[in-house]
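The structure appears below as structure tokens.
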Amino acid sequence: MGRHDQGGFSQARYQRHIEEQVKDHVQRSCQSLFDYSREGGVEHLVVSATEEVRRLVQDSLHPQLERVLAGWITADIESARPGEVAAQVMEVAVRDREQADGDLIEQLGAGLGNGEGAVAGTQLVLEALNRHAVGVLLACPDLSGTAVVCPSCGWLGLEATVCPIDGTSVDRYDDLLEVMVEGALDQAAGVRLIDREEVRSRGCVAALLRFDPGLGANPQV
């Protein structure tokens, strides 16, 4: 029955048994993580796994989780101190954020250079938001100014007393950044507060576009 002279499972069978247990545990864990992501959402994922287990995790992760995988750490979850794990996760998160920011800035430069795919400056970004053309809003954290919003249709502007769309009296707000962020989130656009010269030099706000809304040239403010 596959037993050696001293009794018990043979070494080879025992090893296969352990490997199957590990594989089953990884698959169930990845499925549980995916189920959680469908309920609560996961924007960035850091996975702790040994080199031996990493391949199993890679093969078992759902494609949606693969897309948000920020990186790997090798901490022993059972014995590592929480501070040690947090430090490793933070290192991965910072590196992932820097890479993501670099990609966004590259897209912005290409879009502005080609005259399509991006706009910069307060007025053009507001117009793009009004046309639901914004894919990702890029804004400096200290963007300041006032804005007006139509309480009826949601039109956004800098200066007006009535909405140019439906004639409703507009509401005035002192926080331009908050108005832009809320406008972007209302149309399911991404938002990234980013302090980079490429954005700051263009009026502290820019946007990557879903489609060309036909706004013309890109002013600085």
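The DSSP beta bridges internal to the chain are antiparallel in roughly 60% of cases. Working from Cα pairs under 8 Å separated by at least six residues, relative contact order for the range 11-99 is 28 percent. With contacts taken as Cα pairs under 8 Å at a separation of at least 6 residues, the chain carries a relative contact order of 20 percent. For the range 81-87, backbone phi angles converted through the Karplus equation (6.51, -1.76, 1.60; θ = phi - 60°) give residue-by-residue couplings of 6, x, x, 5, 5, 4, 5 Hz, Gly and Pro being listed as x. With the highest mean first, a sort of the peptides 177-186, 44-53 on other beta-carbon atoms found within 10 angstrom per residue produces 177-186, 44-53.
Absence of a disulfide-compatible partner, taken as no other cysteine beta carbon within less than 4.7 angstrom, is noted in the chain for 30, 153. Proximity of backbone amide H atoms, modeled 1.01 Å from N, is registered between residue 135 and 208, 209, 210 at under 5 Å, excluding neighbours fewer than 5 places apart on the same chain. For the range 11-99, the Kirkwood hydrodynamic radius from C-alpha pairs, put into Stokes-Einstein at 25 °C and a viscosity of 0.890 mPa s, yields a diffusion coefficient of 171 µm² per second.
Note on the chain: the C-alpha convex hull projects to 17.5 nm² when averaged across all orientations.
Normalised by the number of residues in the range 116-209, the average gap of Cα pairs under 8 Å and 6 or more apart makes the relative contact order 47 percent.
Laboratory data are not the source of any read-out in this text; all were calculated from the coordinates shown. Everything numeric here is computed off the predicted structure, so don't read it as measured data. Note: ideal-geometry Cβ built from the backbone for every residue, glycine included; neighbour counts use all protein chains shown.
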